[in-house]
1. Less than 15 Å Cβ to Cβ from A271, Lys/Arg counted +1 and Asp/Glu -1: what total charge do the surrounding residues give?
2. Compute the Rg to Rh ratio over segment 130-229 from the alpha carbon atoms, using the Kirkwood formula for Rh, and round to two decimal places.
3. Let me know the shape class of segment 101-159, please: from the alpha-carbon gyration tensor, a ≥ b ≥ c as square roots of the eigenvalues, rounded when a/c is under 1.5, otherwise prolate if a/b is greater than b/c, or oblate.
4. Of the candidates D193, D113, D201, which one comes out as most mobile in a Gaussian network treatment of the chain with C-alpha springs shorter than 10 Å?
5. According to a simple spin-label model (label point 7 Å from Cα along Cα-to-Cβ), what is the distance in nm between Q323 and A142?
6. Can you bin the chain into rounded, prolate or oblate? Criterion: square roots of the alpha carbon gyration tensor eigenvalues sorted a ≥ b ≥ c, rounded for a/c under 1.5, prolate for a/b above b/c, oblate for the rest.
7. Ignoring ligands, DNA and RNA, what accessible area per residue does the chain give at 1.4 Å, in Å²?
8. May I ask for the net charge around V26, where only other residues with Cβ less than 12 Å from the Cβ of V26 are counted and Lys, Arg are +1 while Asp, Glu are -1?
Amino acid sequence: MAVPLLDLNTQNRSHQDSLQEAFVRVLDSSQFILGDEVAAFEEAVAERLGVAHAIGVSSGTDALLLALMALEVGPGDEVLCPSYTFFATAGCIARLGAEPVFVDVLPDSFNLDVADAAAKVSARTRAVIPVHLYGQSAEMDAVMELAQTHGLKVVEDCAQAMGARWENREVGTIGDFGTYSFFPTKNLGGFGDGGMVTTSDVALAEKVRVLRVHGSKPKYHHGRIGGNFRLDALQAALLAAKLGSLDTFLKQRRNNAAHYLKKLRAETALASKLVLPTEMEHCWHTWNQFTLRVLDGQRDALREHLRDREIASEIYYPLSLHQQQCFRNLPDRACPVSEQLARECLSIPIFPELTRNLQDEVIAVVAEFF
Ligand SMILES: Cc1ncc(COP(=O)(O)O)c(C=O)c1O
């Protein structure tokens, strides 16, 4: 039985009527950029997350960039970020002329090692970007304490973790900014690129809104240099049609994770071969990814075995960011755990619509390998 990494068709078909209705509504309106549809979606997201301001933008990458621009991060500044994350987290820092300072991650949560972050703070450090990797919150109490001690701004990269919680608080509502992605693989998957910036600070929200339209306010008067970071009306309307199902999607992801954990734990022969992912204390995990650590250098062979049986898997990420060629000019920052995870991690299918049958097939094929 073939098992894909994602099945967007099944999810979208179950929303067909509301998606088509949204599509026709936007078509009829002839308002394709920002406007009422984007405003309504922003309001709905703000309400769902319990945050004062949600600003629709062009992607999760641009959400990060805008948050850092609003904080006036630039040349001479350092920004702490995990080495084990998607490229955009650090790319945005470097694009603004600031220096990404790579921090190691913890081997059990895959998230920022705040003790390592503290050791890498300097007089030039302006901000820290905790990434809620694979759908689970970073340790936000420790991050906020670090930020307070050193006067740092906090941008939460929630691209993979919409709806996740830290001690009953929504991620993205704890730091100065939260940034989200609606890339189709995310917890709320869109129909192209899209993103959101959240903040409870009215002045920062206004800055982001102005920077989103080339720094223009009033129209054609530019106090700052922004960019075209707008969200399309069609994207917003389609996303709004799915937003009400976000909690169902998260529940399905959590059920799938619970099933994997139960079944894979019961395979006692695997105990010395695999490290299963964990839901950490104080966290409400949204399981955007279910990521195994495959020990004894067997990760690539297991992936090959899965591929032979038509089971999709992915390596997020085969290289840590401090190992990337484009960052070779930066000072050396030791991140041994990140390097180890880049060798060991393998993500297996966990999308909401994954059936028990298909999941059991994945488990059986993994077990068969060892
Ligand atoms: C952790 C993280 N940050 C940022 C992004 C960027 O989001 P987008 O692809 O919407 O630009 C992603 C997307 O994969 C991500 O996983």
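The values are calculated or read from the model by the stated rules, or taken from the named source; none is laboratory data. Worth saying up front: this structure is predicted, and the values here are computed from it rather than measured. Cβ atoms come from the backbone with ideal geometry, glycine included; neighbour counts cover every protein chain shown. What goes into the accessible areas is simple: the full protein's heavy atoms, side chains included, and nothing from ligands, DNA or RNA. Shrake-Rupley method; radii C 1.70, N 1.55, O 1.52, S 1.80 Å.
1. Numbers: positive: K262, K263, R265, K273, R293; negative: E267, D296.
For residues surrounding A271, the net value is +3.
2. Details: Rg = 15.1 Å, Rh = 14.6 Å.
So for segment 130-229, dividing Rg by the Kirkwood Rh gives 1.03.
3. Details: a/c = 1.89, a/b = 1.52, b/c = 1.24.
It is prolate, given that a/c is not under 1.5 and a/b is the larger ratio.
4. Its mean-square fluctuation being the largest, the pick is D201.
5. Result: 2.3 nm between the two label points.
6. Details: a/c = 1.99, a/b = 1.20, b/c = 1.66.
Note, shape of the chain comes out oblate.
7. Details: 15610 Å² over 370 residues.
With the other protein chains kept in place, the chain gives 42 Å² per residue.
8. Working: positive: R25; negative: E21, D28, D36, E37, D232.
So the environment of V26 carries a net charge of -4.
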